[in-house]
Amino acid sequence: MSTAQIAFLKGHGTENDFVIIPDHDGRIELSPAAVARLCDRRAGIGADGVLRVVRSAAHPEARAMAGEAEWFMDYRNSDGSIAEMCGNGVRVFARYLHHAGLVEAGDLTVATRAGLRHAHIAKGGPEGAAGDVTVGMGRAALPEGEVTVTVDGRSRPARNVNMGNPHAVTFVDDLADAGNLFTAPAVAPADAYPEGANVEFVVDRGPRHVAMRVHERGSGETRSCGTGACAVMVATARRDGLDPAVTGLPVTYTVDVPGGRLVISEAPDGTVEMTGPAVIVAGGTFDPSWLDAALA
Ligand SMILES: N[C@@H](CCC[C@H](N)C(=O)O)C(=O)O
């Protein structure tokens, strides 16, 4: 790492928060330990994850998408691990691009490890309020097979949903039943999730309205998870006997998370779309030698 100061911003989507590192030409090497230190809420900047903003053409994993998406979202969990996809991250990534003057409000396409994601940045409201960002999240895959989630010695059936990344969705009577989500709930069988799982606990709030808590793989309990909320929407719709591919009608749910509210729809072609807020709250610089010293 060079000794030049590194610029960062801090942003969140329904309080799923990120350190954003603009690295347009792909010059910054972020080791897992450096990511974990940046995300440390006491010894670092503090976040659920890192969004490195790189031109697709400058990143080997995204070069093939450069013709369709100028920007690649290099997402990392707070423990430094890499995940395929981050739904709130795409909204905050789009907000950053707009905030930095790199894109106009309206439609844009973002390259991610799960492929291309199409987003729409709504024009801001009155008095400078930021508009919501909508993201096309692709289709949910629903692998067959029984899955269980165990908390405090009690096992519950769960639905295996893949939104580009893996989720186990289970229904509870009370969100407190999820217990302490700082540690990962046990999910079985292990071979249903060879790469680990994000685990969502869901309660009903009303017609087509649920609330959830989540333990995120690689980040612990977070205040929101966009892919998790989409997995919850699809699992809840199927539990409610609703499948847009069968009825030919789209279905929409409101999903409350501890950090806010997301609105999620599934279309008859199976594509899932999520709308919610995305905010940039601060920016600054850090000296990379701080990371080196901290990690030495
Ligand atoms: N917070 C994210 C999901 C981030 C990735 C996840 N922890 C994983 O490892 O799959 C979201 O908003 O989707």
**Request:** On the full set of protein chains, 1.4 Å probe, figure out the accessible area of residue 150 and give it in Å² to the nearest 10.
**Result:** 40 Å²
**Item:** Longest segment of the chain lacking trypsin sites (Lys or Arg not before Pro) that sit in a DSSP loop with at most 15 other Cβ atoms within 10 Å
**Value:** 124-296
**Asked** Using only Cα atoms, what Kirkwood radius does the stretch 151-211 have, in angstroms?
**Response** 12.4 Å
**Message:** I'd like the Karplus ³J(HN,Hα) series for the stretch 142-158: coefficients 6.51, -1.76, 1.60, θ = phi - 60°, whole numbers in Hz, and an x wherever there's a Gly or Pro.
**Reply:** 10, x, 5, x, 6, 10, 10, 10, 10, 10, 6, x, 10, 9, 10, x, 9
**Prompt:** Scattering from the C-alpha atoms of the stretch 1-120 alone, worked out with Debye: what is log10 I(q)/I(0) at q = 0.10 1/Å?
**Reply:** -0.26
**Request:** Could you order 290, 71 so the one with the most accessible surface comes first? Probe is 1.4 Å.
**Result:** 290, 71
**Request:** Please report, largest first and rounded to whole Å, the three semi-axes of the ellipsoid equivalent to the stretch 104-190, where each semi-axis is the square root of five times an eigenvalue of the C-alpha gyration tensor.
**Result:** 35, 19, 10
**Message:** Relative contact order of the chain, please, whole-number percent, based on alpha carbon pairs below 8 angstrom and at least 6 residues apart.
**Reply:** 21 percent
**Fill in**
Taking protein heavy atoms only, a 1.4 Å probe, and rounding to whole percent, the accessible area of the chain owed to carbon and sulfur comes out at 50 percent
**Request:** From the P(r) of the chain, can you give the percent of Cα pairs sitting at distances over 28 Å?
**Result:** 36 percent
**Size of electric dipole in the chain: Cβ of Lys, Arg +1 and of Asp, Glu -1, about Cα centre, debye, nearest 20** = 240 debye
**Request:** Give me the angle, in degrees from 0 to 90, between the Cα long axis of helix 87-99 and the longest principal axis of the Cα atoms of the chain, rounded to the nearest 10.
**Result:** 40 degrees
**Request:** Could you do me a favour and compute the accessible area per residue for the stretch 28-76, 1.4 Å probe, result in Å²?
**Result:** 43 Å²
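The values are calculated or read from the model by the stated rules, or taken from the named source; none is laboratory data. Since this is a predicted model, take the numbers as computed values, not measurements. Note: ideal-geometry Cβ built from the backbone for every residue, glycine included; neighbour counts use all protein chains shown. The accessibility values were calculated without ligands, DNA or RNA, using every heavy atom of the protein model including side chains. Shrake-Rupley method; radii C 1.70, N 1.55, O 1.52, S 1.80 Å.
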